[in-house]
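The structure appears right after this line, and notes come after that.
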Amino acid sequence: MNDMPSTAFDQVPANARPSGFYAETKSMTSIVSLNQRALVIGQRLAVGTVAAGEPVLIPGDGSEAAVYFGRGSNLARMVAVFR
């Protein structure tokens with residue numbers, strides 16, 4: 001049986017032998033502060049101002065998504081959660 005490398009976890013030791021499930025999470029603060037791009041695909045409402053099927057860059061806090069895709073649309077809600 002292969003042992004886990006010691007770098008797999010920060011808090012759980014690699015030589016832990018009791019049966020069970022071991023998990024740990026890392027803070028997302030360093031990732032959130034970076035400028036990350038994501039592709040969000042979803043449905044827009046008919047009142048949206050952007051043509052269907054056209055990729056659009058949503059900069060800043062993403063508030064433009066409600067205008068581009070329609071307030072309450074699938075896409076506007078996904079952008080809000082992502083931002």
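Any read-out appearing in this document is the output of simple, stated calculations on the displayed coordinates, not a laboratory observation. Just so it is clear, the model here is predicted, and its values are computed rather than measured. Here Cβ is always computed from backbone atoms with ideal geometry, including for glycine, and neighbour counts include all displayed protein chains.
Data for the structure
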{"item": "Distance between modelled label sites at Ser63 and Val40, nm, 7 Å Cα→Cβ extension", "result": "1.5 nm"}
{"item": "Förster-model FRET efficiency, 41 Å R0, Ala14 and Arg77, C-beta, rounded to 0.05", "result": "0.50"}
{"item": "Burial order of peptide ranges 41-49, 54-62 (average beta-carbon count within 10 Å, highest first)", "result": "41-49, 54-62"}
{"item": "Paired Rg and Dmax values of the range 36-83, which use every Cα atom, in angstrom", "result": "9.4, 29"}
